[in-house]
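Take a look at the structure set out below.
What follows draws every value from the coordinates through simple rules; no lab data is involved. Values in this document were obtained by computation on a predicted structure and should not be read as measured data. Positions of Cβ are backbone-derived with ideal geometry, glycine not excepted, and every protein chain shown enters the neighbour counts.
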Amino acid sequence: MAAYLFLPLAFIKFWFLEAPIGIINYFSSLNKAFLQLFSLPLFVRTFFKPLKNEYREGLVGFSRVMGMIIKSVFIFIDLILFLFLVGVESVIVLTFFLLPFLSVWILLLSS
Amino acid sequence: MIEQYARIYVLYRSALIRTVRLLVLFFVLVLLYSDVAAGLFPRVSLFLLLWFFMIEVFFHFKISRMHPRASVTTVNKDTLKDAYTFPVLVAFASAHSVKDFLHQLAKLQQVRLLLEKAGISADELSVPTENDEQLGLYAVELVKRMKGTYVTSMDMMASHLLQTEEKTKLLFSKKIKSEELLQLLFWVRSHYAEE
């Protein structure tokens, strides 16, 4: 009988605490996989290094500049995609969190 | 408390409640369609649909995935059920006898795999003389031997097979030694580690 009484409390705890934490953990793992897949940390770490590990005399400066240009483009594209992903994730988390309030708000809307 | 949640879950999954849930969903969808068709904003139907969805999510991701309160090392004879996993408790809650309990267990995929690998069909599970407490105590000992944490449905079935072996000679007839069954149990447990 006690479980029936505690069911609404269990729902509230699940909906506003456990589930959002679970979703955020899942998304953080997804973000890590995304970053690894799109090599963003690697591009940032090797931003000033010469392209293709070029260390022959006279070519180092050119390789560095070329690498910076190419990596800048890739970093920019990666960042746009990453921001889009984070945006979608934020919308999902927020929608999930606000769903009970949203349902009441919909009900109270004047037709 | 987790036992009571298992009972609620059994009720929630019963044929009657399933039918009611389906009818509610159908009614809400019809209401939603009629509101939209009449050019009205579907306030009530959307509200009901959202709550239907939330309750389904709650049962699927919270109630059905409850974890045991205690490990096998901390339970005693009186608190055995605290170390049982949710599928075991659900089988307990939906069974009227030990025989029924074993047949409920035999419906689970992981138990079916254990029985299949041992070459035993669910019909061959004989009526046991032991009660559920003896079964549980033996299962706890098995889990301790396996260095496991909780008593799973597979442990319960293996416990039953080993405990009744003297009377039934079921394992003997299948040319399986108890050590081999334990190895099988160890393998199935690692295969279904999520339980």
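Residues A:Glu57, B:Glu180 in ascending order of nearby Cβ atoms (within 10 Å, fewest first): A:Glu57, B:Glu180. Helix A:19-37 and the longest principal axis of the C-alpha atoms of chain A enclose an angle of approximately 20°. Measuring how big the stretch B:145-192 is from its alpha-carbon positions, Rg and Dmax come out at 10.9, 31 Å.
Computed from Cα atoms, the angle from the helix B:2-12 axis to the main principal axis of chain B rounds to 50 degrees. Legend: mean number of C-beta atoms from other chains within 10 angstrom of residue C-beta atoms, peptide A:18-25, equals 1. Of the residues B:Arg13, A:Arg45, the one with the fewest other Cβ atoms within 10 Å heads the list, and the complete ranking is A:Arg45, B:Arg13.
Can you compute the FRET efficiency between A:Leu37 and B:Ala193 using 1/(1 + (r/R0)^6), with r the Cβ-Cβ distance and R0 = 25 Å? Round to the nearest 0.05. Rounded to the nearest 0.05, the efficiency is 0.40. Net charge of the neighbourhood of A:Ser39, taken over other residues with C-beta under 11 Å away and scored Lys/Arg +1, Asp/Glu -1, is +1. Here the calculated FRET efficiency for B:Phe61 and A:Glu54, from their Cβ-Cβ distance with R0 = 41 Å, stands at 0.20, rounded to the nearest 0.05.
Judged by the mean number of other Cβ atoms found within 10 Å, the most tightly packed of the peptides B:101-108, A:48-55 leads the ranking B:101-108, A:48-55. Rg over Rh for the stretch B:73-142 works out to 0.96, using Cα positions for both radii and the Kirkwood form for Rh. Counting Cα-Cα pairs of the stretch B:21-94 in 10 Å increments starting at 0 gives whole-percent bin shares of 17, 29, 20, 16, 13, 5, 1. Note on chain A: helix-only mean residue ellipticity at 222 nm, from DSSP H runs of 4+ residues weighted -39500 (n - 2.57) and normalised by residue number, equals -27000 deg cm²/dmol. Counting pairs of Cα atoms in the stretch A:1-81, how many percent are more than 15 Å apart? Of all Cα-Cα distances in the stretch A:1-81, 70 percent exceed 15 Å.
With a 10 Å cut-off around each Cβ of A:98-106, the average count of Cβ atoms from other chains is 4. Distance distribution note for the stretch B:100-139: the fraction of Cα pairs above 14 angstrom is 50%.
For the segment A:7-15, counting C-beta atoms of other chains within 10 Å of every residue's C-beta and taking the mean gives 3. Solvent-free Debye calculation, one equal scatterer per alpha-carbon of the protein assembly as shown: log10 I(q)/I(0) at 0.09, 0.16 Å⁻¹ equals -0.71, -1.23. The ellipsoid equivalent to the alpha-carbon distribution of the stretch B:1-45 has semi-axes of 33, 11, 4 angstrom, derived from the gyration tensor eigenvalues as √(5λ) and listed largest first. Neighbours of A:Met66 by Cβ distance under 12 Å: Lys/Arg scored +1, Asp/Glu scored -1, total +3. Among B:Leu184, B:Leu80, B:Leu49, whose mean-square fluctuation peaks in a Gaussian network model of chain B (Cα, cutoff 10 Å)? Highest fluctuation of the listed residues: B:Leu49.
I need the shape label for the stretch A:67-111. Rule: rounded when a/c is under 1.5, else prolate if a/b > b/c, else oblate, with a, b, c from the alpha carbon gyration tensor. Judged from the Cα gyration tensor, the stretch A:67-111 comes out prolate (a/c at least 1.5, a/b above b/c). Geometric descriptor of the stretch B:63-184, per residue, is 98 Å³ (volume of the convex hull of the Cα atoms). Cβ crowding within 10 Å ranks B:Phe61, A:Phe38 as B:Phe61, A:Phe38, fewest other Cβ atoms first.
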